[in-house]
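Below is one structure, written out as structure tokens; comments come after it.
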Amino acid sequence: MKITYISHATLLIETGYSIIVTDPWVGGSAYCNQWYLYPKALRPELIKNADYLLYSHGHEDHLHTESLQTINKKVEILYPYSWYGGSKDFFKEVGYNNVKEVLNEKTIVLDKHTCVTYLSNNLDNVMVIECNGKVLVNINDALPSASTQLIEYFISKIKQRWPRIDYVFSSYGGASYFPNTVHCQSKNDKEIAEVREQFFVNNFCKIIDGLQPALAVPFASDFVLLDDHQRWINESKFPRNKIKEYYNSYSQNPGQSEIIEAYPDDFFDTDGFHKTSPYHKIFEEKGFLGYIDTAYEKEIAQKRKPIFISESAAGELIEKVKKHILNKAYIIPENVRKNICFTIKITDANKNNYLKTNFRNKITEFEISSEPGKHDDLLIEIKSQTLHYTLDNEWGGDAIIIGYGVEVHCYNEDVISKEYENYCIRLLSRYPNTKEYLLKTPWRGLKYLMSDSVKRKNIIDKILGKSENILNYSDTRLANRNLWLNKSKCDVCKACNIN
């Protein structure tokens, strides 16, 4: 088995009988031109003749439509079965008909020497690939943000079935607008961003320490932001070349797993790791972030010369937003909603680009102006393209929630303590309601539930009143507004057991 690192979460796996590609994002941007591959794929054409295409989940930096369309139309696509349908229809719309939805813990034979097993963590999935006695565990995004209990649960499940693991590939960084693009007087943006990245690196180390692979590769965190006001976030990421040293100081058994710093065109085979990527030399000379301006010179120049939408286009968009807010307001509990007043600023509109929404009176009131409101709880800044995308697409909210598509300015303590910011951001999305969707598709939901041991366990524990045994899909500390927006770096480190 030969494994070539292509870019981000994209691996090219050659078994001798089949060519397998995972989560292809090999060019172009993601989340409305907010995320850019870094480092870039050097030979994206290598994936075009794949026999099998394995997806871990549907986020755009993993299921990237532009990259998908560079692959031959005869490829067999494996996509994890979920409570939410539509994947086959999507792939068919872009020209791919050979699609198989894979149930949790189901093993699929790819060729006479290779098989893959999916392990579901809600909408994320671990993929375990076995080939000629070798075992590759592709964690991607499924566990680094999970609760400690759930990480331990998966480690135990994986080790019971695959006691000897050759490779683990896992993400090691954060991907969320919160808390990096949420600003308030009490918060030091840079310090909080850095400690949050260390939180994810700690979980990476925890995963590697538990699975004990021969080789462990941090990946799937390979993107940068190019807008000037967000480029500081790139600098907050944990240095990739420091992860090996960090792991050896973190691990209870340093040396049991070798941490590999891999870049596009590096590969693994029976002889071990081959450090063939030219990026190693480039980053030694320029530093890891020193190549961004060269790699994306054209894109950065374009961002510094924004194109503003017309006044009429801005007016039409504002009317669209108003209608959506009225239809979606029910997601905010009435006792919370009645206290909120916030403003949306369309950053690429010149006039009348502020929409104030006031829930404080008996009826929802809107006001359009060329300046922010004086008594707002918060201000949300967003580009028109991102706003259209999140309103037009059922999962378009990912461009905000994951893709850093907003800047949020908080003006009082209630925004933090009562989570006004969280409610108002989700007010701009069209995410499907799980319960409502399952009522429309009960058989699909039942099939999904029957295949997911974690969900079944949690339901039983909830019925029996054993709330302490429930496994949280993500670490509850990550969503704690008061912790990340209102506390010092030292306080966050103490709460998250970060040294």
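Read-outs throughout are calculated quantities, based only on the coordinates presented, and are distinct from any laboratory measurement. Note that the structure is a prediction, hence the values are computed from the model and not measured. All Cβ positions, glycine included, derive from the backbone under ideal geometry; neighbour counts span all protein chains shown.
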**Request:** Set the Förster radius R0 to 41 Å, insert the Cβ-Cβ distance between Lys100 and Asn253 as r into 1/(1 + (r/R0)^6), and round the FRET efficiency to 0.05.
**Result:** 0.60
**Prompt:** In µm²/s, what is D for the stretch 19-87 at 20 °C and 1.002 mPa s, where D = kT/(6 pi eta Rh) by Stokes-Einstein and Rh is the Kirkwood radius from Cα pairs?
**Reply:** 170 µm²/s
**Message:** Which entries of Lys305/Lys351; Lys74/Lys112; Lys237/Lys328 have Cα-Cα distances beyond 28 Å here?
**Reply:** Lys237/Lys328
**Request:** Starting from the Cα gyration tensor of the stretch 187-336, multiply each eigenvalue by 5, take the square root, and state the resulting semi-axes largest first in whole Å.
**Result:** 40, 24, 15
**Prompt:** Can you pull the semi-axes for the stretch 56-108, root of five times each eigenvalue of the Cα gyration tensor, sorted largest first, whole Å?
**Reply:** 18, 13, 11
**Fill in**
Distance in Å, no decimals, from the C-alpha centre of the stretch 44-84 to the one of the stretch 323-354 is 36 Å
**Asked** Cα-Cα pairs above 45 Å in the chain: how many percent?
**Response** 12 percent
**Fill in**
With DSSP loop assignment and no more than 13 other C-beta atoms within 10 Å, the GluC sites (Glu not before Pro) in the stretch 380-443 are Glu394
**Request:** Report the relative contact order of the stretch 2-301, percent, no decimals, based on alpha-carbon pairs under 8 angstrom and at least 6 residues apart.
**Result:** 17 percent
**Request:** Mind giving me the FRET efficiency for Gln385 and His183? R0 is 30 Å, r the Cβ-Cβ distance, nearest 0.05 is fine.
**Result:** 0.85
**Asked** With each run of n ≥ 4 DSSP H residues scored as -39500 (n - 2.57), what mean residue ellipticity at 222 nm is computed for the chain after dividing by its residue count and rounding to the nearest 500 deg cm²/dmol?
**Response** -9000 deg cm²/dmol
**Asked** So which cysteines of the chain have no other cysteine's Cβ under 4.7 Å from theirs?
**Response** Cys32, Cys115, Cys131, Cys205, Cys341, Cys424, Cys490, Cys493, Cys496
**Residue order, fewest to most beta carbons within 10 Å, for Lys92, Lys134** = Lys92, Lys134
**Fill in**
For the stretch 258-273, in residue order, the Karplus 3J(HN,Hα) values (coefficients 6.51, -1.76, 1.60; θ = phi - 60°; whole Hz; Gly and Pro = x) are 8, 8, 10, 8, 10, 10, x, 5, 5, 8, 10, 8, 5, 8, x, 8
**Asked** Fewest first, what order do Met1, Met127 take by the number of other Cβ atoms within 10 Å?
**Response** Met1, Met127
**Prompt:** Where the only charges are on Cβ atoms (+1 Lys, Arg; -1 Asp, Glu), what is the dipole of the stretch 205-333 about its Cα centre, to the nearest 20 debye?
**Reply:** 640 debye
**Complete:** From the cross-link list Lys322/Lys435; Lys303/Lys383; Lys106/Lys447; Lys187/Lys489; Lys206/Lys244; Lys106/Lys466, the entries with a Cα-Cα span beyond 19 Å are Lys322/Lys435; Lys106/Lys466
**Message:** Relative to 2.2 N^0.38 Å, what does the C-alpha radius of gyration of the stretch 311-426 come to as a ratio? Two decimals please.
**Reply:** 0.99
**Complete:** Scoring the stretch 85-152 by relative contact order with C-alpha pairs under 8 Å, at least six apart, yields a percentage of 17 percent
